[in-house]
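The values are calculated or read from the model by the stated rules, or taken from the named source; none is laboratory data. Everything numeric here is computed off the predicted structure, so don't read it as measured data. Cβ coordinates were reconstructed from backbone atoms using ideal geometry, including for glycine residues, and neighbour counts include every protein chain displayed. Heavy atoms of the whole protein, side chains included, go into the accessibility calculation; ligands, DNA and RNA do not. Shrake-Rupley method; radii C 1.70, N 1.55, O 1.52, S 1.80 Å.
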Amino acid sequence: TCLVLSCSVFRPKQWYQRRVRANYFIQSNLSMRVTSCTGKCSKGFLLLVNIIIFLVGGGLLGLGIYYHLEGGLYEYVFKEAEVITIPVIMMTLGSIFIVISFFAIVGALCEVVCMLKVYMGVVAIVLLLEVLLMAVCVAMRGDAEKQAIAVVHGLMEHYGNETADELDFITSTIDQTQIWLDCCGLTSPSDWNNITLSTYWTVTYNRDVNGSVTDQITLPASCCVDTTSTCVIQNDTSTFNTIGCKTKLYEFVDDNITYITVGGIVLIILQCFILICALKIRFELDKLYECEEFAGSHMEITSF
C-alpha cells in the first residue's frame, strides 16, 4: 500500500502506466490465448485423455480405500507372502493418476504454463521408467519368476481355509485362475497333495486322522472338468485338468505376445502424442506471453 501511494504521489505518470498495463493483462487473461487450430485440437485431446485418467484414478482410489477398510484380513496373508497389499497399490496408483491428470487439466484449461511443464516432466519420467522396467524384466526374468512362484505358494498354503481367508479372496482367485486357464496346481495336480505348498487343503482332504496319505487324492472343484464338485486323481484323466497353471500361463503369454507387444507400443505412442500436444500448447502460450510482455513494456500513455 505504501509503495502504491508513493508511486501515485511522487511518480503519478509512471503509476498510471503500470495501472494501464495491469488492466491490459487482466483483460487479456480473461480470454483463452490458444487460438490456432492445432492448439485447440491439442488442448481438446489433452483434456479428454486426462479427464478419463482422472476418473480412472478416482475409481482406483475409492476401491482401494474400500478394500483396505473392509479387507484387512487378507492383508495379513499378503504380508506373510512379503508383497504389498493390493488396496495399497490401488490407492497409490489412483492418487498418482489424480495428481498427474489434475496438472494437465488445469494447465490446459486455464493455460498455465508452469503446470504444463510439471505435467510434461512427469510423463517423460514415466516413459523413461517404462523403458527401464522393460529392460529389467528382460534381464531379471528368472528372478521375477522365482518371486512370483513364491507368492503363489504362499497363497496356495491358505487355499480353502475360511479362518485365514474370511473374504474368500485367495480361494476365489485361485479357482478363477484354474478355470480360466484350464489348469490344476502350479506345476501339476499333485501340488494339491504337497503339504508344503497346499498345507490346509492337503491336511484337510488328502490326509487321514493319522496323517497318512489317503487312497485317493482329492482335487479342488476348479481343477475338474465338472467344476461343481471335487474330483480325484485317477487313471482316467478326462475328469480333471492335468497341466499346471505355470505351463498354461506361459502358453497364454506366447500365444498373445503379439497383442501384448502392440498394446505396449500403442501406450508408448499415446504418451508421446500427449507430450507433443502439451508441448504445442506450451510453445504457443510462451510465444503469446512474449508478445504481450513486449506490447505491455512498449505501451505509450499519451495523456494523463
Probe 1.4 Å, all protein chains in place: accessible area of L270 in Å², nearest 10?
70
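Hey, can you find the accessible area per residue of the range 199-245 for me, probe 1.4 Å, expressed in square angstrom? Don't skip to the answer; put the middle values down first.
Values: 2700 Å² over 47 residues.
Accessible area per residue, the range 199-245: 57 Å².
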Using θ = phi - 60° and the Karplus form 6.51 cos²θ - 1.76 cosθ + 1.60, what ³J(HN,Hα) does each residue of the range 98-115 get, whole Hz, x for Gly and Pro?
5, 5, 5, 5, 4, 4, 5, 5, 5, x, 7, 6, 8, 6, 9, 5, 5, 5
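Could you give the length gained by full extension between V106 and D226, i.e. 0.36 nm per residue of separation minus their alpha carbon distance, to one decimal place? Could the numbers behind the result be given before it?
Details: separation 120, 0.36 × 120 = 43.20 nm, distance 5.46 nm.
Length gained between V106 and D226: 37.7 nm.
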Just how much of F97 is accessible, in Å², when a 1.4 Å probe is used and the result is rounded to the nearest 10?
70
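Apply 1/(1 + (r/R0)^6) to the Cβ-Cβ distance of A124 and L249, taking R0 = 41 Å, and write down the FRET efficiency to the nearest 0.05. It would help to have the intermediate numbers written out before the result.
Numbers: r = 33 Å, r/R0 = 0.81.
For R0 = 41 Å, the calculated efficiency reads 0.80.
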Spacing of the two label points (7 Å from each Cα toward its C-beta) at S212 and T92, in nm
5.0
To the nearest 10 square angstrom, how much accessible area does K287 have with a 1.4 angstrom probe?
140
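Lys and Arg at +1, Asp and Glu at -1: add these up for the other residues within a Cβ distance under 11 Å of K248 and post the number.
Working: positive: K246; negative: D182, E251, D254, D255.
Cβ neighbours under 11 Å give a net charge of -3.
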Of K117, K248, which has the most accessible area and how do the rest follow, probe 1.4 Å?
K117, K248
For the range 147-253, which whole percent of the accessible surface, found with a 1.4 angstrom probe, sits on carbon and sulfur atoms?
53
By how many nm would the segment from H68 to N256 lengthen if fully extended, with 0.36 nm per residue of separation less the alpha-carbon distance?
64.4 nm
